[in-house]
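The values are calculated or read from the model by the stated rules, or taken from the named source; none is laboratory data. Remember, it's a predicted structure, so these values are computed and weren't measured experimentally. A quick note on method: Cβ atoms are made from the backbone with ideal geometry, for glycine too, and the neighbour counts reach across all protein chains shown.
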Amino acid sequence: MMQWIRLVAGAAGVAALLAGCAAVPPDESPLRAAVQPTRDDARALAVEVYTYAYPLVLTDVTREVMAARASAGAAGRTAVNTFVHQRGAPRPGASDMASPDADTLTSIAWLDLSRGPVVLSVPDTQGRYYTMQLLDGWSNVFSALGKRTTGTQRGNYAIVGPDWTGALPAGVREIRSPTAMAWAALHIQVDGRQDLPAAHRLQNGYRLTPLAAWPNGRRALPAVPTIPPAAVDLETPPVEQVAAMDAQAFFNRFAALLPANPPTTADEGMMRKVRALGIEPGAPYSTTVLEPETARALQDGATRALARIVALARGGEGAASGAWLSRKDAGRYGTDYDRRAATAWLALGSSLGEDTMVFRANADATGQPLHGANRYVIRFDKGALPPAKAFWSLSLYDQAQDVVANPLNRYAIGSRDRLRRNRDGSVEIVVQHARPPRAQAANWLPAPDGPFNLMLRLYWPQPTALDGNWSAPPVRKVGAD
């Protein structure tokens, strides 16, 4: 049997977990049983722990890349507790996050709450739709501001860390983050290029001020050492950087992140498995001290876990049925670690379903994968357009979940566009690679010449969408290019 390491703390509980038995034989101590798992035990354990850890590691790599890029563009100033604004439509290869939103302007701020609370000031948007998702290090949404929840008037909110105690000034509402690493993802509606200046002015109105400086208005905390941009890979997307990590690098980073980003009480069962794998919060992790067979099992488990996460994100068997896939409970995952990891791979920072409901399609109505060699139509009957209180749109992504270059620079189409209606009042969206006839050009969403997938987003969905009484129409193949 293989020798297992760092299982002393788990004792009998870990023995039962790894050996799969209800009790330890009388002639064996709990420790001896605990240190003798099989290679299959090690592999299976690595799959579970990798899946659990994936959103935290991906969030940290994304933070590192975005902060380094922002610091490089700001003469080395820290990008922590500062909004970084997207000022226009996403461009192919230019986004640090998968499935970029082409319908809103996005602003991201990474928060370091270990240095004290930060006051978030939001401007009066004069009725313009926006949503601000506040996420912890595990990609869970712990609070959502915006037109749906807090209205569009001015407001001040103190975002505090998990262990902070103290009093807040009058007029400042407390929002507590479960982790010291947190982030704010702002999405603000923009209606075409002519609306960009007004949207930019509103973006600039979202401010972060250290509580210690409130209400003097100092907008940034004192600069702190950041990772030099030269030490960070600014070219490779964070999802690919995590995919390139071997098991040792991945689990070592996870261990380093745990102290400042503690698990919830609901995660206690998973944390027993984390410790059974030899991972201790804040302690270096290495597979080089393991027997080669055990180290290979852990690497195999990590590789399998990532492949499984990607398969789940792409829809698995559900995608092959041709049905649109949707979850109205995005952002709230509880102990559904599979769904949390798959959502992180697909679209890290996903909003609550009540703010943005997303329907995904990877296949046409017959279950065949979507491909640019074919032509497709999505028909919305009269009176059956997507039910959204704000607006809706259809976006297209390649296999890497990036927008696709096209002659129109059109990455989404929807209610913000002047869509052509048929005589019966229906609307047909045309999805294909080749430019369609002029009469259909207004409703054309350009596709690549290879595989792709679609996302239909409903911003502030109506109850009929949330309760399942409305469903997206099928993607019908109408021919080949």
Checklist line | Every residue from the stretch 422-445 that is touching a helix residue (DSSP H, G or I) at 6+ places or on another chain (Cβ under 9 Å) and within 16 Å of LEU456 (Cβ to Cβ) | finding: VAL427, GLU428, ILE429, VAL430
Item checked: Identity of the residue in the stretch 260-302, among the acidic types (Asp, Glu) and part of a helix (DSSP H, G or I), that ends up nearest to VAL160 (Cα to Cα) -> ASP267
Next item on the list: State which residue pairs qualify: first residue farther than 26 Å from SER139 by Cα and inside the stretch 177-200, second residue modelled with pLDDT under 95 and part of a loop (DSSP other than H, G, I, E, B) in any location, beta carbons under 6 Å apart, and separation of 6 or more residues or different chains.
Entry: ASP191/ARG416; ALA199/VAL190
Margin query: Can you say whether THR149 is more than 17 Å from the chain's Cα centre (by Cα) and part of a loop (DSSP other than H, G, I, E, B), as far as the supplied structure shows?
Written below: yes
Check: Which one of PRO474, PRO461, PRO451 is within 24 Å of the chain's Cα centre (by Cα) and either surrounded by fewer than 13 Cβ atoms within 10 Å (Cβ to Cβ) or within 14 Å of PRO369 (Cα to Cα) (or both)?
Finding: PRO451
Notebook entry, point to check: On the given criteria, is ASP136 in the same structural domain as GLY88 (by TED's automatic domain parsing), of a type in the set (Asp, Glu) and surrounded by 21 or more Cβ atoms within 10 Å (Cβ to Cβ)?
Noted result: yes
Notebook entry, point to check: THR165 is checked against (1) outside any strand (DSSP E or B); (2) among the β-branched types (Val, Ile, Thr); (3) in contact with a strand residue (DSSP E or B) (Cβ under 8 Å, 6 or more places away or on another chain) and fails just one. What number does that condition carry?
Noted result: (3)
Check: Would the stretch 388-408 turn up any residue that is over 27 Å from the mean Cα position of the chain (by Cα) and assigned to a helix (DSSP H, G or I)?
Finding: no
Check: Can ASP338 be described as more than 21 Å from PRO100 (Cβ to Cβ), part of a helix (DSSP H, G or I) and either touching a residue at least 40 places away in the same chain (Cβ under 8 Å) or under 16 Å from the mean Cα position of the chain (by Cα) (or both)?
Finding: yes
Notebook entry, point to check: Within the stretch 360-410, which residues are surrounded by 20 or more Cβ atoms within 10 Å (Cβ to Cβ), aromatic (Phe, Trp, Tyr) and within 21 Å of THR131 (Cα to Cα)?
Noted result: TRP392
